[in-house]
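Heads up, the thing below is written out as structure tokens.
The values are calculated or read from the model by the stated rules, or taken from the named source; none is laboratory data. Predicted, not measured: the structure shown is a model, and the values here were computed from it. So basically every Cβ, Gly included, is an ideal-geometry build from the backbone, and we count neighbours across all protein chains shown.
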Amino acid sequence: MQAGRARLNSSIALEKLRERIRDHQIDGDPKLPSERELAAAMGLGRRAVRRAMEVLEAEGLVWRQQGKGTFIGGRPSAHPHFIGDLPERTNPLEVMEARLQIEPPLARIAALRGSPEDFAALEKLAKKASSSLDDDAWELWDSAFHRKIAECAGNGLMLALFDLVQRIRQEPCWRYLRGLARTQEHRENSHRDHAEIVAMITARDGAGAERAMRRHLAAVNASLQAIIAGEVGGASVPSADERTVSS
């Protein structure tokens, strides 16, 4: 019962913090109040707030600086400053094409440049995703896993490109499609793929890591195309107006 209540409180904290971020209810200051202040304001425990912050940081919605606090948005050095109306001028299939060009080479470079500490963090993120008890948490940890690989590669420009793609993937259309793809089979396949990618990277097998990532993203792309074609649940991609309403 206590474990279930803790998960529930963390979920409540996560939703309240997301609402705060969405509505910019920070008096124009990008810095968030302390965990203690947020917990008191929401009537929740600090542990629930801390867990929610961990997820938000993995998603790239907040960043932390030791001794300074927690801030809304991505870490300044890692995110492009301006993307304009790019999300409106692209589509999910173009995004997957970009991921297939960017992420497999990042996995190869990560295997060659990553440190033992990087690899340990990567393994931890893969386990976090596989042990997530709800779809929302799984998606966040999955995203954090892929971003950690990009960080391990140690190429600032490629990391910025990765982050740009990730920001586009937060658009309502992407969220809708990912919701359709959240099946147990999909999660299990992703966990196996992630384990293989981690094994190749930690073995410093660059070519193997690149192949494993390419296979993983090709499977994701195939699933996406099936959904867009209406082969999964008879669904179709919502129009721009529908996405605006649903968001």
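Worth a mention:
- Qualifying residue in region 50-73 (condition: closer than 17 Å to Glu15 by Cβ, small (Gly, Ala, Ser), part of a loop (DSSP other than H, G, I, E, B) and at pLDDT 85 or above): no
- Flag if Arg215 is without any contact (Cβ under 8 Å) to a residue 24 or more places away in the chain, basic (Lys, Arg) and in the same structural domain as Glu123 (by TED's automatic domain parsing): yes
- Considering (1) at pLDDT 90 or above; (2) in the same structural domain as Ala209 (by TED's automatic domain parsing), the lone condition that Asp142 does not fulfil carries the number (1).
- Yes/no for Ala48 being loosely packed, with under 15 Cβ neighbours inside 10 Å and farther than 22 Å from Glu151 by Cβ: no
- Residue match in region 177-189 (condition: at pLDDT 85 or above, surrounded by fewer than 20 Cβ atoms within 10 Å (Cβ to Cβ) and not hydroxyl-bearing (Ser, Thr, Tyr)): yes
- Any hit, region 33-43, residues being outside any helix (DSSP H, G or I) and at pLDDT below 85: no
- The C-beta contact set for region 123-134 (first residue assigned by TED's automatic domain parsing to the domain that holds Arg192 and assigned to a helix (DSSP H, G or I), second residue β-branched (Val, Ile, Thr) and buried (at least 18 other Cβ atoms within 10 Å of the Cβ), distance under 7 angstrom, 6+ apart or interchain) comprises Glu123/Val198; Ala126/Val198.
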